[in-house]
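Structure record follows, encoded as structure tokens.
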Amino acid sequence: MIEVCDSFGAELREFNGDSDHVHLLVFYTPKVALSALVNSLKGVSARLLRKEFPSHVRKYLWGGHFWPPSYFAAFCGGARRDGRLSRLPLSIIRKYIENQKRPD
């Protein structure tokens, strides 16, 4: 995940999840196409996991695919309508991700 983010000029700050999903806190510039980053993260991780754990991965496939086609993204920080920067509590988001179980 770190290498994929690096290749997009993004930085993976937190990574955690559960048995059926993951949470990532990624810092990236507005020049990065989020859908391209997510597709790359899914594609690279699926290939590596299938290669290293082929029999284990089979039970988690979605119609032959490791990841479902959807994803959820929430954005933090950035400009408010009045032009000032908003200061959303990244510490709360980071804490939420840290408190998830590690993927099996």
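The values are calculated or read from the model by the stated rules, or taken from the named source; none is laboratory data. Keep in mind that what you see is a predicted model, and the values were worked out from it rather than measured. FYI the Cβ positions are ideal-geometry reconstructions off the backbone, even for glycines, and counts take in every protein chain you see.
The test for being modelled with pLDDT of 85 or more, in contact with a strand residue (DSSP E or B) (Cβ under 7 Å, 6 or more places away or on another chain) and either in a helix (DSSP H, G or I) or of a type in the set (A, V, I, L, M, F, W, C) (or both) does not hold for residue 38. Evaluate region 11-20: report whether one residue or more is modelled with pLDDT under 80 and surrounded by 15 or more Cβ atoms within 10 Å (Cβ to Cβ). For region 11-20, residues modelled with pLDDT under 80 and surrounded by 15 or more Cβ atoms within 10 Å (Cβ to Cβ): present. Scanning region 31-47 for residues that are without any contact (Cβ under 8 Å) to a residue 12 or more places away in the chain and surrounded by fewer than 11 Cβ atoms within 10 Å (Cβ to Cβ) yields a count of 1. Kindly check whether there is at least one residue in region 44-59 that is modelled with pLDDT of 90 or more, under 25 Å from residue 95 (Cα atoms) and not hydroxyl-bearing (Ser, Thr, Tyr). Checking region 44-59: not a single residue is modelled with pLDDT of 90 or more, under 25 Å from residue 95 (Cα atoms) and not hydroxyl-bearing (Ser, Thr, Tyr).
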